[in-house]
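This report refers to the structure that appears directly beneath it.
The numbers here are math on the coordinates, done by the rules we state, and not lab data. As the structure is a computational prediction, the values presented were derived from the model and not from experiment. For neighbour counting, all protein chains shown are included, and Cβ atoms are generated from backbone atoms with ideal geometry for every residue, glycine included.
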Amino acid sequence: MMALQTQTLFISAGHSMSDPGAAGNGLTEADVVLDFRDRLYDRLADTVVLARDGKPGKNLPLRQACEMAKRHDVAVEFHCNAFRLPGATGVETLSSGEDAALGSDLCCAVSGVLGIDNRGAKGEGSGQHSRLAFVRAGGIILELFFITNPDDLASYRDNLDEVVEQVAQVLVDAVCVPRSGKGVA
Ligand SMILES: [Zn+2]
């Protein structure tokens, strides 16, 4: 559907080689989320105007990502969850209450494609990360799956193109209104 973009969009990788994040099954969060951000950017750039926190394969420091998040209407940062027990599974978001609806839509999209638990849209104090400056900057943290769970990771690898597509569609819907819809200024 043709759509009119009414809100600005920023996507961010939660980790880089200098801050690789959690590890599991031979991968780090940085391996996963940098690749995911760039695939999603390439998909979205055909449809909407957006920004990302660094050139392909690069990740700006969190401080700069937060400054960028503050300047955009919708900002989403990607992470993987981790737990000491390999059975922990699912997708969740961490955000302020006003972003809970979008967080819930993102959780549904990822859960549906990967066939993993929907842990839901949570408040900022709920995750493994104590440092939630990104949420305080107005962003949503999307914990895609558990990097410590071999089944979560296998499903992510098998369904990567589709999870990129479904997350892209949620974000397009979030920043656009249909051309025929009401509320177009
Ligand atoms: Zn992380």
Q) How much length is gained on full extension from R84 to E124, taking 0.36 nm per residue of separation minus their Cα-Cα distance? A) 12.3 nm
**Q.** From phi via Karplus (6.51, -1.76, 1.60), per-residue ³J(HN,Hα) for region 77-82 in Hz, x at Gly/Pro
**A.** 10, 9, 9, 10, 7, 8
Q. Is the shape of region 16-80 rounded, prolate or oblate, going by the alpha carbon gyration tensor and its root eigenvalues a ≥ b ≥ c, with a/c under 1.5 for rounded and a/b larger than b/c for prolate?
A. oblate
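Subtracting the Cα-Cα distance from 0.36 nm times the residue separation, let me have the gained length for D117 to L4 in nm, one decimal.
37.4 nm
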Q) From the backbone phi of region 105-111, what are the Karplus-calculated ³J(HN,Hα) couplings (6.51 cos²θ - 1.76 cosθ + 1.60, θ = phi - 60°) in whole Hz, Gly and Pro given as x? A) 4, 5, 4, 4, 4, 5, 4
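How much length would be gained if the chain were fully extended between K70 and R157, taking 0.36 nm per residue of separation minus their Cα-Cα distance, in nm to one decimal?
28.1 nm
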Q | Vicinal HN-Hα couplings computed from phi for region 24-34 (Karplus, 6.51 cos²θ - 1.76 cosθ + 1.60; Hz; Gly/Pro x) | A | x, 6, x, 10, 10, 4, 4, 4, 6, 7, 5
Q: Once you have a ≥ b ≥ c as the square roots of the Cα gyration tensor eigenvalues for the chain, tell me rounded if a/c is under 1.5, and otherwise prolate or oblate according to whether a/b is larger than b/c.
A: prolate
Q | Amide H contacts of T89 (H built 1.01 Å from N, under 5 Å, at least 5 apart or other chain) | A | none
(Q) Given points 7 Å out from each Cα along the Cα-Cβ axis, report the S18 to E98 separation in nanometres with one decimal. (A) 3.1
Q.
Which of L85, L27, L171 ends up with the largest GNM mean-square fluctuation for the chain, with Cα atoms connected below 10 Å?
A. L85
Q) At 222 nm, what helix-only mean residue ellipticity would the chain give, in deg cm²/dmol to the nearest 500, using -39500 (n - 2.57) for each DSSP H run of four or more? A) -11500 deg cm²/dmol
Q. When only Cα pairs under 8 Å and 6 or more residues apart are kept, what is the percent relative contact order across region 2-173?
A. 27
Q: Could you give the C-alpha radius of gyration of region 51-146 expressed as a fraction of 2.2 N^0.38 Å, taking N as the number of residues it contains?
A: 1.06
